[in-house]
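The values are calculated or read from the model by the stated rules, or taken from the named source; none is laboratory data. The structure presented is a predicted model; accordingly, all values stated were derived computationally and were not measured. Heads up, the Cβs are rebuilt from the backbone with ideal geometry, glycines too, and the neighbour counts pull from every protein chain shown.
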Amino acid sequence: MTQKDLQDFLLSEGVVFAGGCRLPNSPIAGQSSLCYAFSFGVKLSDAVLKSIDSGPSYAYFQHYRTANALLDSLAFRLAQLLEKEGYSAFPVAASQSQGKANPYGGVYPHKTAAVLSGLGFVGKSGLFLSKDYGSKVRLATVLTDMPLTPDSPVIDNGCGDCKACVSACPAGAIYGTLPTTDGERNFDAEKCSKYMKEHFQDVGRGSVCGICIKVCPKNKLK
Ligand code: SF4
Ligand code: SF4
């Protein structure tokens, strides 16, 4: 099976984009060969995103969880296909947490793999924006030792002068700057999480918000 065969498998199962790339290093200790990544994403429903107002809706929380479940299932199946072909494969969960030691990060940032695969860019909101769907997407990643190359080059940030997410964020967590190449954050994940836990506790125990997705003009909600 080629890289294209595996990306076509993902596209036939409901993802809206899929790509692959080489990472600078394997993120998995003791498994240095896992330095390639498949990156893919599903699109969220415009109608559900429109139900977000000054905070998340129950519909958004349920939709978000369903998108994560689909991504995790596809990452699992892709890993099985890769192993059948004789490669190693390490699916990275759609929603990641490493416990108290690293509460806002996981095994590997999905958005970094997606950017390196030429699928989009990270906006001022700190969210990944895909070429065709903006930030109304959720991502998953499968690390592997199968050599992969991007179908498109890394693309420039396309936020321009927009600061809609900066003004809309109720937590004041978005700085309004572009992400830097040295990985410095352009939003305050702790502030965002704290605000959600304090104000949106009754929707998924304060694990989602969605305002910065809803207001992004790149999403062109229908
Ligand atoms: S999820 Fe909500 S609180 Fe967090 S950065 Fe986006 S708008 Fe701000
Ligand atoms: S709302 Fe504007 S500044 Fe924020 S991510 Fe979207 S395009 Fe970029």
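General remarks:
- The range 102-132, subset away from ligand 2 (no atom under 13 Å from the Cβ) and among the small types (Gly, Ala, Ser), residue farthest from Leu6 (Cα to Cα): Gly105
- Against the test of being more than 10 Å from ligand 1 (Cβ to nearest atom), in contact (Cβ under 8 Å) with a residue 12 or more places away in the chain and not aliphatic (A, V, I, L, M), the options Pro170, Pro147 yield a single qualifying residue, Pro147.
- Number of the condition not met by Gln7 [criteria: (1) in contact (Cβ under 8 Å) with a residue 12 or more places away in the chain; (2) surrounded by fewer than 16 Cβ atoms within 10 Å (Cβ to Cβ); (3) touching a strand residue (DSSP E or B) at 6+ places or on another chain (Cβ under 7 Å)]: (2)
- Those residues of the range 203-214 which are under 30 Å from Val154 (Cβ atoms) and either modelled with pLDDT under 90 or aromatic (Phe, Trp, Tyr) (or both), in sequence order: none
- Cβ-Cβ distances below 8 Å connect the following pairs, each with a first residue in the range 104-129 that is under 19 Å from Asp161 (Cβ atoms) and in a loop (DSSP other than H, G, I, E, B), a second residue that is more than 13 Å from ligand 1 (Cβ to nearest atom) and among the charged types (D, E, K, R), and a separation of six or more residues or different chains: Gly123/Lys218; Leu127/Lys111.
- Filter result for the condition that a residue is aromatic (Phe, Trp, Tyr), under 26 Å from Tyr133 (Cβ atoms) and within 16 Å of ligand 2 (Cβ to nearest atom), over Phe200, Phe187: Phe187
- Residues in the range 133-158 that are part of a loop (DSSP other than H, G, I, E, B), within 15 Å of ligand 2 (Cβ to nearest atom) and at pLDDT 95 or above: Tyr133, Ser135, Lys136.
- Candidate set: the range 147-156, residues that are in contact with a strand residue (DSSP E or B) (Cβ under 6 Å, 6 or more places away or on another chain) and either over 30 Å from Ser33 (Cα atoms) or hydrophobic (A, V, I, L, M, F, W, C) (or both); chosen: the one surrounded by the fewest Cβ atoms within 10 Å (Cβ to Cβ): Ile155
- Residue count for the range 178-202, restricted to those that are more than 10 Å from ligand 1 (Cβ to nearest atom) and at pLDDT 90 or above: 5
- Evaluated against (1) modelled with pLDDT under 95; (2) away from ligand 1 (no atom under 16 Å from the Cβ), Lys111 falls short on exactly one condition, (2).
- In the range 170-211, residue surrounded by the fewest Cβ atoms within 10 Å (Cβ to Cβ) [restricted to those that are acidic (Asp, Glu) and more than 18 Å from Ser95 (Cβ to Cβ)]: Asp182
- Residue list for the range 203-221, restricted to those being within 10 Å of ligand 1 (Cβ to nearest atom) and charged (D, E, K, R): Lys214
- Candidates are the residues of the range 127-144 that are among the charged types (D, E, K, R) and within 16 Å of ligand 1 (Cβ to nearest atom); the one that is surrounded by the fewest Cβ atoms within 10 Å (Cβ to Cβ) is Arg138.
- Meets criteria (part of a loop (DSSP other than H, G, I, E, B) and either modelled with pLDDT of 95 or more or exposed (fewer than 15 other Cβ atoms within 10 Å of the Cβ) (or both)) for Ser167: no
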